[in-house]
Every structure is written in structure tokens, then in C-alpha cells.
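Engineer: The structure under discussion is supplied below as C-alpha cells; questions concerning it will follow.
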Amino acid sequence: MKVRVIESVFVVLCAIAAFGQRSGDDAGILYGTDYSFAVTAPHGWVLDDKSGKSQGVCAVLYETGKSWQKADTVMYVNTASKTIEGQKTLEELMAYDAAEFKKRAPALSVTPAPDIKTKQGRAVVRRFEGDEYGNYEAVAYFDEKLTIVMFVLTARTKKDFDAAYPAFEKLVGSYYFLTSNVTIGK
């Protein structure tokens, strides 16, 4: 069943009302095969759906006045299709992520962090510390019907990570899943 224009406009208006966009904040609807969701950038952050495209990332975020390429602390949003072997469930994908990081950094620590609540449910969060570059990361995972949506915070220092974590919680908390039934093109 194709999503018609009138239905799409209605869904967008409902999403904006649901996640409570504040004046001056960047908000957007991100979509692709099997997913469509709304997010709002935390105050002082830019939501950019172009700079990360060459890296296969749905959208990137960086502090106002900085850039995706030069910021010491960034966030990004990506998805994983559940049709791919090794990521058909949330548990498989989280185990795969941890294993891939540990291949590059055997001393890496992966620890659970408190879930982040949204209007529709919650995200499961994992922290990654001790990679080969000394970065600190948090990944929030949303388990949807056909895809897993991931929000990532990465910082070069623990101080920067801790300072940005409240913004990460706001970004993740703004997540509002719209539909798995997306028709792109004709």
C-alpha cells in the first residue's frame, strides 16, 4: 500500500505535534526503506541530513558553529535492516557492534547504561570506552518491526562526552517512529 501525499502531510503534522518542536530547534523526518521517524535536535545542535550521506549515515548532529568534519563531539543517527544476517534481532546487532569494536580495540569496554524513555517507549543504551582512538561513545538502540534505529554520541574526551550526554538524552528522547510502510519513488 502506497503512502499518499495527503496521508504523508497528516503524518508529518502529527509527528511535529507529538514530539513538541520548540522554536529555533532543528527537526526532521528521516526515512528510507522500511522506516520513517521524526527527531528534534537538542537546543544548540544542528541536525544535518547531508554531511554524513557519503558515510552511509542518515543524519549527523554537531554543535552550532562547528561542523561534522571538525567537531570534537558529534552525534549521528543510522539504521540497520533486520533482513541482514547477524542483525535480525536487537540482541544480535548489539553483540555484532561490540564484537566489531573489540576487533579493533581488544581492551574496549562495553557496558549497559540506563534506558532512555520516549513518548513511544524506550531505547536500550550501551557505552563504549577504550577504542583505539580513546573515544567515548554511547549508542541508543530502538527495535522496530523491520529495522533497528541507532543514535550514537561520540566524543574525544570523557569530559566532552559527559558534557554532551544530556543533549544525547534529549535527542534520543525526541525520537518518534512513524511507519515501516515507506514507498520511495514511483
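Every read-out reported here was derived from the displayed coordinates using simple, explicitly stated rules and does not represent laboratory data. As the structure is a prediction and not an experimental result, all values here were calculated from the model. Cβ atoms come from the backbone with ideal geometry, glycine included; neighbour counts cover every protein chain shown.
Engineer: Assuming 0.36 nm per residue, please report the length gained on full extension of the stretch residue 96 to residue 72 beyond their Cα-Cα distance.
Structural biologist: Full extension from residue 96 to residue 72 adds 6.1 nm.
Engineer: Can you give the Kirkwood hydrodynamic radius for the chain, in Å, rounded to one decimal and based on Cα pairs?
Structural biologist: Over the chain, the inverse of the mean reciprocal pair distance is 17.1 Å.
Engineer: Then there's this: If you put +1 on each Lys and Arg Cβ and -1 on each Asp and Glu Cβ, how big is the dipole of the chain around its Cα centre, in Debye rounded to 20?
Structural biologist: The calculated dipole for the chain is roughly 320 debye.
Engineer: Taking Cα centroids, how far is segment 52-88 from segment 121-186 in Å?
Structural biologist: Centre-to-centre (Cα) distance: 9 Å.
Engineer: Could you pull out the pairs from 70/119; 53/102; 50/82 whose alpha carbons sit more than 31 Å apart here?
Structural biologist: Going by Cα-Cα distance, 70/119 fall outside the 31 Å limit.
Engineer: Alpha carbons only, please: Rg and Dmax for segment 73-133, in angstrom.
Structural biologist: Over segment 73-133's Cα set, Rg and Dmax evaluate to 13.0, 37 Å.
Engineer: Helix 5-18 sits at what angle to the longest principal axis of the chain, using alpha carbons and giving 0 to 90 degrees rounded to 10?
Structural biologist: Tilt of helix 5-18: around 50 degrees.
Engineer: What's the angle, to the nearest 10 degrees (0 to 90), between helix 158-173's Cα axis and the longest principal axis of the chain?
Structural biologist: 20
Engineer: Kindly provide the helix-only [θ] at 222 nm of the chain, computed as the sum of -39,500 (n - 2.57) over DSSP H runs of four or more divided by all residues, to the nearest 500 deg cm²/dmol?
Structural biologist: Rounded to the nearest 500, the figure is -8000 deg cm²/dmol.
Engineer: Still on this model: Quick one: angle between helix 90-104 and the longest Cα principal axis of the chain, in degrees between 0 and 90, rounded to 10, please.
Structural biologist: Around 40 degrees separate the two axes.
Engineer: Still on this structure, please answer the following. Which whole-number value in Å³ per residue fits the convex hull of the alpha carbons of segment 135-186?
Structural biologist: 98
Engineer: Mind listing the phi-derived Karplus ³J(HN,Hα) values for segment 66-80, rounded to whole Hz, using 6.51, -1.76 and 1.60 with θ = phi - 60°, and x for any glycine or proline?
Structural biologist: Per residue, the Karplus-derived 3J(HN,Hα) values read 10, 9, 4, 6, 10, 6, 7, 10, 9, 10, 8, 10, 8, 10, 10 Hz.
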